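The values are calculated or read from the model by the stated rules, or taken from the named source; none is laboratory data. Everything numeric here is computed off the predicted structure, so don't read it as measured data. Note that each Cβ is placed from the backbone with ideal geometry, even for glycine, and that neighbours are counted across all protein chains shown. Surface areas here come from the heavy atoms of the whole protein model, side chains and all, with no ligands, DNA or RNA. Shrake-Rupley method; radii C 1.70, N 1.55, O 1.52, S 1.80 Å.
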Amino acid sequence: MPLLIRSSYVSKFHTTNSKPSSFSDQIPSKSPFFSSFNHNPLTNLVYKRNPKMQSLSFPSPTTVKSSLIDPDGGELVELIVPESEIELKKKEAESMPRVRLTKIDLEWVHVISEGWASPLKGFMREDEYLQTLHFNSLRLKDGTLVNMSLPIVLAIDDKTKEHIGVSKNVALATPQGHIIGSLRSVEIYKHNKEERIARTWGTTSPGLPYVEEHIAPAGNWLIGGDLEVFQGIKYNDGLDHYRLSPKQLRKEFDNRKADAVFAFQLRNPVHNGHALLMNDTRKRLLEMGYKNPVLLLHPLGGFTKADDVPLDVRMEQHSKVLEDGVLDPETTIVSIFPSPMHYAGPTEVQWHAKARINAGANFYIVGRDPAGMGHPTEKRDLYDPDHGKKVLSMAPGLEKLNILPFRVAAYDTVEKQMAFFDPTRAKEFLFISGTKMRTYARTGESPPDGFMCPSGWNVLVKYYESLQESDESSKQQAVVSA
């Protein structure tokens, strides 16, 4: 698992009293992270971004509190109204024109209000939207650049636009009509859906899940402004205790005295190949000299496509993985990342990485085809499976994050366990995709021994059994009705 060293990895350890030395002298010769550094095709590209790297030195990494990695913009944004002002703000909002949010809009309110998108302080105005759409970044007033690869926008229809009129402030209401906050100093501008889709996904082919669910039915206008939320967003689904904000995560990292935090995002159940990658990452960080690396296991909790395993099932499965000791609970924090899923490949994976900076992680694990999906109309991947990790290594505004591209894991049919793929024994490895895994569970077929902890697998089997029972019940009701 070679580590793509970015300029920030060196600069974050730099002190004014550091003795200048050559870059090569500072690389731990026995560290497996560096074993193939000079053979990495991206090395020269990353290295040239900051030629000053050669003169910096490496004090001990144990002096670094990883949860204190600066959030984008230097300060973590929190947009929840102080308790003492809630009643006044609510009263003001009652007299404002209302914008009713969709479920996905509400997920974005959650994301923005807790600071995952720092330094963004509300739904994007047009200048922020255009920078994001065309540059995948935002230029701040002080001239610094932060990554921002996905438009975080709120759409409204003609009727709502007319109702808002010249008002500079609007109230935000849930799909059920309850006012939960407001947007102030608003700006309304045109929603060019085709351009947004083409630049975000690289295609306008029909069948893109987020587009069909959220963009296609949305209004032809976007409204941006400064967000205020009266209370933290809660879903009351039994999982809110997993939804730790960036501020809460940073506090937990400090409480655990973490000197490195490595984040792993997934939208599928955890199998033993995932666990191998995560445990191997921690081992290698220890070999680099870190004393207490902590894993942030961070499943995506917002919108996902219909055939993905639902969040509540995934969280139950994740808990079994920790109960069975596949991952160590003492060095693992399981939390839900509230963002909706776009399936926008290399464009979206930048957002996933950026949000983890704001949560306090300084290492990000990236694998094959991150945030990708099959092409909606053709039998192929929508994105090149290697482009996600390559883009992360070069993305503007992500310099302070260390990218960990992981080695490919597959099922070793000889050893009967998940292992790192050995191309010299290619025929002895079995690749089990997320789709194949779901097919196993749906059909009642057991995966090979050692693919997933038994209790975790049972969670999936029960879920798919419940779907079949529901389908059979619906068919019987349809026959009776006929």
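Annotation: Leu76 fulfils all but one of (1) part of a loop (DSSP other than H, G, I, E, B); (2) open to solvent by less than 30 Å² (accessible area, probe 1.4 Å); (3) modelled with pLDDT of 95 or more; the unmet one is (2). All of Ala353, Ala344 fail the test of being in contact (Cβ under 8 Å) with a residue 60 or more places away in the chain, within 18 Å of Ala395 (Cβ to Cβ), among the hydrophobic types (A, V, I, L, M, F, W, C) and in contact with a strand residue (DSSP E or B) (Cβ under 7 Å, 6 or more places away or on another chain), apart from Ala353. Here the range 101-133 is the region considered, the condition is being assigned to a loop (DSSP other than H, G, I, E, B) and free of Cβ contacts under 8 Å to residues at least 60 places away in the same chain, and the residue that is surrounded by the most Cβ atoms within 10 Å (Cβ to Cβ) is Leu120.
Restricting Val391, Val313, Val349 to those that are at pLDDT 95 or above, in contact with a Phe, Trp or Tyr (Cβ under 6 Å, 6 or more places away or on another chain), in a helix (DSSP H, G or I) and among the hydrophobic types (A, V, I, L, M, F, W, C) reduces the list to Val313. Per the conditions (1) within 30 Å of Glu212 (Cβ to Cβ); (2) assigned to a helix (DSSP H, G or I), the sole criterion not satisfied by Tyr343 is (2). The residue that is farthest from Arg267 (Cα to Cα), among those in the range 401-446 that are in contact with an Asp or Glu (Cβ under 7 Å, 6 or more places away or on another chain) and assigned to a loop (DSSP other than H, G, I, E, B), is Val414.
Let me confirm something: among Pro376, Pro396, Pro370, which residue is farther than 27 Å from Arg139 by Cβ and not polar (S, T, N, Q)?
Values: Pro396 fails: farther than 27 Å from Arg139 by Cβ; Pro370 fails: farther than 27 Å from Arg139 by Cβ.
Answer to the check: Pro376.
Take the conditions modelled with pLDDT under 95, surrounded by 15 or more Cβ atoms within 10 Å (Cβ to Cβ) and assigned to a loop (DSSP other than H, G, I, E, B) and apply them to Phe58. Does it pass? Considered against the rule, which asks whether it is modelled with pLDDT under 95, surrounded by 15 or more Cβ atoms within 10 Å (Cβ to Cβ) and assigned to a loop (DSSP other than H, G, I, E, B), Phe58 comes out as yes.
Of the residues making up the range 430-439, one or more are open to solvent by 60 Å² or more (accessible area, probe 1.4 Å), within 19 Å of His274 (Cβ to Cβ) and at pLDDT 95 or above. Taking the condition open to solvent by less than 50 Å² (accessible area, probe 1.4 Å) and either in contact with a Gly (Cβ under 9 Å, 6 or more places away or on another chain) or assigned to a helix (DSSP H, G or I) (or both), does Leu322 pass? Yes; evaluated as a whole, the condition is true for this residue.
Of these, Gly367, Gly372, Gly397, which one is on the phi > 0 side of the Ramachandran plot and in contact with a helix residue (DSSP H, G or I) (Cβ under 8 Å, 6 or more places away or on another chain)? First the steps, then the outcome.
Working: Gly367 fails: on the phi > 0 side of the Ramachandran plot; Gly372 fails: on the phi > 0 side of the Ramachandran plot.
Residue meeting the stated conditions: Gly397.
Report yes if some residue within the range 402-411 is among the aromatic types (Phe, Trp, Tyr) and surrounded by fewer than 22 Cβ atoms within 10 Å (Cβ to Cβ); otherwise report no. Don't jump to the end; show me each part of the working.
Let us first name the residues in the range 402-411 that are among the aromatic types (Phe, Trp, Tyr), namely 406, 411.
From what's left, surrounded by fewer than 22 Cβ atoms within 10 Å (Cβ to Cβ): 406.
Within the range 402-411, one or more residues are among the aromatic types (Phe, Trp, Tyr) and surrounded by fewer than 22 Cβ atoms within 10 Å (Cβ to Cβ).
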